[in-house]
1. Give me the orientation-averaged projected area of the Cα convex hull of region 89-161, in nm², one decimal.
2. Just want the answer: with Cβ charges of +1 for Lys and Arg and -1 for Asp and Glu, which residue in Ala107, Ile167, Cys141 is farthest toward the dipole's positive end in region 69-207?
3. Scan around Gly177 for amide H atoms under 5 Å from its own, H built in the peptide plane at 1.01 Å from N, and keep only partners 5 or more places away or cross-chain.
4. Under a crude label model (7 Å from the Cα following the beta-carbon direction), how far is Ile203 from Ala107 in nanometres?
5. Once Rh is set to the Kirkwood radius over Cα pairs, what Stokes-Einstein translational diffusion coefficient, in µm²/s, holds for region 101-205 at a temperature of 37 °C and a viscosity of 0.692 mPa s?
6. Quick one: putting +1 on the C-beta of Lys and Arg, -1 on the C-beta of Asp and Glu, what dipole do you get for region 138-190 around its Cα centre, in Debye to the nearest 20?
7. Could you please report the charge total around Arg115, scoring K, R as +1 and D, E as -1 over all other residues with beta-carbon less than 12 angstrom from its beta-carbon?
8. Does anything in region 99-114 have its amide N under 13 Å from the 7 Å Cα→Cβ label point of Ala190, and if so which residues?
Amino acid sequence: MIRTTLCLAAALALGACTEEDERPGRGSGQASPAQDAAPASDADTGPEPAEDAAARVDSAPPPAGGVSYLRIVDTSEGLGFGAGPGADIDAIRWTCGAEMPVWASAAFGAVIDNRVAPGSASPIGNLYGEAQRGCELVTDCAANLGLRGEIYVPTDRADLTGCSVEIFEADDPGSDGFEVFWCSAPNPPACGEVIGRGTDGAIATFTVPPRR
């Protein structure tokens with residue numbers, strides 16, 4: 001009787017072990033659903049975020065005609081009045097071939113302003129647009145350079161060769177003067193030789209020669 005009871009108990013225990021071993025993921029060799037799912041790969045991160053893609057898009061392209069600069073350097077020998085010593089640039093205009101004349105404008109980029117005090121206190125925007133000849137106060141219509149001051153004025157084209165350039169200097173009781181250079185970039189090494197000169201109250205007119 002005792003032997004029969006022990007055998008029955010052993011058989012029941014063996015059946016329990018067999019049932020436990022045959023459950024998925026245990027000793028049967030079958031993988032569980034969690035084990036079937038492969039971990040996400042670092043390389044598989046889905047579509048690139050829109051903001052990251054946009055960050056690599058170039059900003060607005062440069063003007064179709066390119067850009068070059070007219071460098072105007074003060075060479076005045078005496079003291080001026082109104083805005084201060086130095087040449088007073090009223091307006092700048094260039095004409096290329098049969099095209100319409102173009103006036104210097106903020107639309108072509110910012111003027112590189114290396115003027116000298118006290119002339120640098122007059123608004124640089126005074127040189128934009130058409131000339132205002134005969135204004136009562138020079139400070140109302142011209143940008144004063146100050147003694148030995150200079151500016152780089154952007155144009156609407158990369159090549160000014162053969163173009164006619166006019167620079168209007170506002171008249172005041174001084175002995176103003178200036179020199180003009182044509183530059184591919186707003187720094188002295190990018191400028192060629194002097195292409196024109198102007199004096200107080202005059203309209204300096206010259207043709208841009210090929211850059212040497």
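1. 5.5
2. Ala107
3. Thr75, Ser76, Glu77, Ala87
4. 2.2
5. For the chosen part, D equals 228 µm²/s.
6. The calculated dipole for region 138-190 is roughly 280 debye.
7. Values: positive: Arg148; negative: Asp74, Asp88, Asp113, Glu150.
Result for the local shell: -3.
8. In region 99-114, the label zone of Ala190 (backbone N under 13 Å from the point 7 Å along Cα→Cβ) covers 109-113.
No value in this document is a laboratory result; all are computed from the given coordinates. Keep in mind it's a predicted model, so treat the numbers as computed, not measured. Backbone-built Cβ (ideal geometry, glycine too); neighbour counts: all protein chains shown.
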